[in-house]
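Visitor: One structure is given below, represented as structure tokens, and several questions about it will come after.
The values are calculated or read from the model by the stated rules, or taken from the named source; none is laboratory data. Quick caveat, the model's predicted, so the values are computed rather than measured. Cβ coordinates were reconstructed from backbone atoms using ideal geometry, including for glycine residues, and neighbour counts include every protein chain displayed. To get the accessible areas, we keep the full protein, side chains included, count just its heavy atoms, and leave off ligands, DNA and RNA. Shrake-Rupley method; radii C 1.70, N 1.55, O 1.52, S 1.80 Å.
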Amino acid sequence: MAATNYTSNNNKEKIIKRLDWIRQDFTLTPAIFKAIVEGFKQECDQGLNTASASGLATMIPSYVTRLPTGHETGIYLALDLGGSTLRVCAVQLLGQGQVNVTEVRRSITDQLRTSSTIVFFDWIADTVAELYALLPNQHVARDNDASPPPQLAMGVSWSFPLDQTGISKGTILRMGKGFTVTDGIDGQDLATFFLEAFQRKNIPVVVTAIVNDTIGALVAHAYSNPQARVGFIYGTGVNAAYPEKVSRIIKLNVAEWQDTATEMLVNTEIDIFGNESYLPLTRFDRALDASHAQPGFQPYEKMMSGAYLGELVRLVAVDLVNDRELFDGHVPYLLAQPWSFLTAHMSEIEGYSSDDHQLVVSRVTELLQFADNYTPTEADIDVFLDICVMVSTRAAGLAAAALVAIIEQQSFKPDQDIVVGVNGTTFEMYPGMPQRIHRALEQWFGESIAKRIKLEVARDGGSIGAALVAMLYQEG
Ligand code: BGC
């Protein structure tokens, strides 16, 4: 559809200037990038040294001290609870890094996210029962200590902060991603919720391993590429895990661990990192935080993960519309309500960009939906596209800053590949995201080191990783 509205050159110049002004706040200059990396590294050290505080914790020891070799075989159960989906799987390890997954997948509704713990864990148990009914039981690895009826071992991947106290134990910390379970879930033991729900439903399954999804991604990726040294989740939420030297994990009882392991995988919970001293928060980030159910929580994640990018774009665009600088003051339907414009919409819009420009303009116009036969100008649509690119490019830079900090926590031989197993829709689906992150890494490390950094997709990381950890720690 051709643009029909008249926009004076004056107005066009004004909005371009205004956007340039906003863009300055969204730009990660080398100095700002460096400050973020240093801030992250400092928080890593602090987290390793500080015992978990109630409610929030970072640099959480996973109790996983070895990675798979890729040769392991067998069938193990796994449960992967993410922000929007529950997956319950039987993972068949075929050796040579190959797997076969049978799964039951359910969407998590808002009603479940805000239900009681009993309703929520019973729903999980019902889903496990569905998978159980599909299993030829004799094929599934059994728990060593099982007394009749034989219990099946299950690994759980938990995409939320958990203060882990053992391989299959941990205290639930504050959950994000819209979870506000009514009877208070914080501070309770996660394994007990599974145990009681499986007992209520008579399901002979026992949780033998619990991992954060980043640990799952790293372990799963190590199964297909044993060089993997970072697990990175970049989807609805963000987080990273890596193997840390036991001697540096001061919060652990180092003396107790030093004889048994040199490294332990650490869940950084980098999503929680960040404060105003080094995160370049714009007034839009602040507005988003203020409108959120958990203000002040996960400042870094709120600037860059899939749960938030759409809302950031909406806030910038609506600001310009309200000043009658964009869309001649018309708020399109898709931007009218808070949280109504999603990262998936941005992703779709940036995906159009390679098409013929007129087509892009008409598709974006159609997607945004204007009332009263209003048709925005091509220049206005270009500004809207620029806002999407501005927000997603900063997100890529912020993702790269986390990776720099985690890579620099470790030492690599000069010829060693630096392999990152990445999982998550923002990384996997957002147009050009892996390339933008890699470019930011190259700006920091220079070409020759950047060439060694491989951002590889660790598909199904949570479930495969949880199954692998259940296997690694069942066999001793
Ligand atoms: C959670 C992390 C999780 C990450 C990625 C964050 O919101 O706090 O525990 O690893 O999302 O799913």
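Visitor: Could you please let me know if G184 is open to solvent by 10 Å² or more (accessible area, probe 1.4 Å), small (G, A, S) and within 16 Å of the ligand (Cβ to nearest atom)?
Guide: Judged against the criteria, G184 is not a match.
Visitor: In addition: So, restricting to strands (runs of 3 or more DSSP E) that lie completely within the stretch 173-282, which ones have at least 3 residues that are of a type outside the set (A, V, I, L, M, F, W, C)? Break it down into steps so the answer makes sense when it comes.
Guide: On the way: elements: 205-212, 228-234, 238-245, 263-267.
Filter on the stretch 173-282 gives 228-234, 238-245.
Visitor: If I ask for residues that are surrounded by fewer than 21 Cβ atoms within 10 Å (Cβ to Cβ) and over 15 Å from L326 (Cα atoms), which ones from the stretch 372-399 would you list?
Guide: Passing the criteria: D372, N373, V389, M390, T393.
Visitor: Look through L281, L312, L326 and report the one residue that is buried (at least 22 other Cβ atoms within 10 Å of the Cβ), assigned by TED's automatic domain parsing to the domain that holds Y430 and closer than 21 Å to A399 by Cβ.
Guide: Only one candidate qualifies: L312.
Visitor: To continue, here is another question. For the stretch 329-358, what are the residues that are assigned to a helix (DSSP H, G or I) and either crowded, with 20+ Cβ neighbours inside 10 Å or among the acidic types (D, E) (or both)?
Guide: L335, T343, H345, M346, S347, E348, I349, E350
Visitor: If the Cβ limit is 9 Å and pairs must be 6+ apart or interchain, which residue in the stretch 295-318 that is free of Cβ contacts under 8 Å to residues at least 12 places away in the same chain pairs with which residue that is open to solvent by 10 Å² or more (accessible area, probe 1.4 Å) and within 14 Å of the ligand (Cβ to nearest atom)?
Guide: none
Visitor: Now for a different question. Here is a check on your reading of the model: is A293 of a type in the set (A, V, I, L, M), outside any strand (DSSP E or B), modelled with pLDDT under 95 and within 16 Å of the ligand (Cβ to nearest atom)? Step through it out loud before you land on a result.
Guide: Numbers: of a type in the set (A, V, I, L, M): yes; outside any strand (DSSP E or B): yes; modelled with pLDDT under 95: yes; within 16 Å of the ligand (Cβ to nearest atom): yes.
Spelling it out, A293 is indeed of a type in the set (A, V, I, L, M), outside any strand (DSSP E or B), modelled with pLDDT under 95 and within 16 Å of the ligand (Cβ to nearest atom).
Visitor: How do the helices (runs of 4 or more DSSP H) wholly within the stretch 423-476 filter down when requiring 2 or more residues that are of a type in the set (A, V, I, L, M, F, W, C) and in the same structural domain as K302 (by TED's automatic domain parsing): which remain?
Guide: Hits in the stretch 423-476: 425-429, 433-445, 447-452.
Visitor: Taking the options A222, A241, name whichever one is within 16 Å of G461 (Cβ to Cβ), within 16 Å of the ligand (Cβ to nearest atom) and in contact with a Gly (Cβ under 8 Å, 6 or more places away or on another chain).
Guide: Being within 16 Å of G461 (Cβ to Cβ), within 16 Å of the ligand (Cβ to nearest atom) and in contact with a Gly (Cβ under 8 Å, 6 or more places away or on another chain) holds for just one of A222, A241, which is A241.
Visitor: Answer with yes or no whether T58 is more than 24 Å from T236 (Cα to Cα), outside any helix (DSSP H, G or I) and either of a type outside the set (D, E) or at pLDDT 90 or above (or both).
Guide: No: the conditions fail for T58.
Visitor: Here is a further query. Against the condition in the same structural domain as G155 (by TED's automatic domain parsing), within 15 Å of the ligand (Cβ to nearest atom) and over 24 Å from A395 (Cα atoms), how does G178 come out, does it pass?
Guide: In short, no.
Visitor: Being farther than 21 Å from S340 by Cβ and of a type in the set (G, A, S) is the filter here; which residues of the stretch 363-379 pass it?
Guide: A379
Visitor: Can you name every residue in the stretch 401-422 that is out of contact with any Phe, Trp or Tyr (no Cβ under 7 Å at 6 or more places or on another chain) and closer than 20 Å to F273 by Cα?
Guide: If the condition is that a residue be out of contact with any Phe, Trp or Tyr (no Cβ under 7 Å at 6 or more places or on another chain) and closer than 20 Å to F273 by Cα, then I407, E408 are the ones that fit.
Visitor: Within the stretch 238-258, restricting attention to residues that are at pLDDT 95 or above and of a type in the set (G, A, S), which residue is farthest from M154 (Cα to Cα)?
Guide: Residue satisfying both the conditions and the ranking: A240.
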